[in-house]
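**Student:** What follows is a structure written as structure tokens; I'll ask about it next.
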Amino acid sequence: MPVVRSFSYKGFRIVCTVMPAPDGKVRGVAEILKVADGLGRDQPVSQVGGAIFHEERDALESIGTLARDWVDGRW
């Protein structure tokens, strides 16, 4: 079953998703969204991750860090 964690970081919304992968492992992906002003929709900026992990917790921590590093390096 997928696990989703979302958090704000420097004006961006980071949505981390961990999904089942083959052999009982999990795949982690983070979508980076630019937070829109007002009631508008957040704008997708990038997607990072895709690596295979043994544990959900490791996947969430790793892709969250990767997404924060992407924001720090680009903006």
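We did not get these values from a lab; they are worked out from the coordinates using the rules stated. Keep in mind the model is a prediction, meaning the values are calculated, not measured. So basically every Cβ, Gly included, is an ideal-geometry build from the backbone, and we count neighbours across all protein chains shown.
**Student:** Evaluate the relative contact order of the chain (contact order divided by residue number), counting alpha-carbon pairs under 8 angstrom at least 6 apart; express in whole percent.
**Tutor:** Normalised by residue count, the contact order of the chain is 27 percent.
**Student:** While we're looking at this one, here's another question. List the trypsin sites (Lys or Arg not before Pro) within segment 21-58 that DSSP assigns to loop and that have no more than 15 neighbouring Cβ atoms inside 10 Å.
**Tutor:** Counting only loop positions with at most 15 other Cβ atoms within 10 Å, the trypsin sites (Lys or Arg not before Pro) in segment 21-58 are Lys25, Arg41.
**Student:** In what sequence do Met19, Met1 fall when counting other Cβ within 10 Å, fewest first?
**Tutor:** Met1, Met19
**Student:** Follow-up question, since we're still on this one. For the chain, modelled as a GNM with alpha-carbon contacts under 10 angstrom, which of Val26, Val18, Val45 fluctuates the most?
**Tutor:** For the chain, modelled as a Gaussian network with Cα springs under 10 Å, the answer is Val45.
**Student:** Sum -39500 (n - 2.57) across every DSSP H segment of at least 4 residues in the chain, then divide by the residue count to get the 222 nm mean residue ellipticity, nearest 500.
**Tutor:** Helix contribution divided over all residues of the chain: -8500 deg cm²/dmol.
**Student:** Ok, one more. What label, among (1) 1.04; (2) 1.12; (3) 1.25, belongs to Cα Rg over 2.2 N^0.38 Å computed from the structure on display?
**Tutor:** (2)
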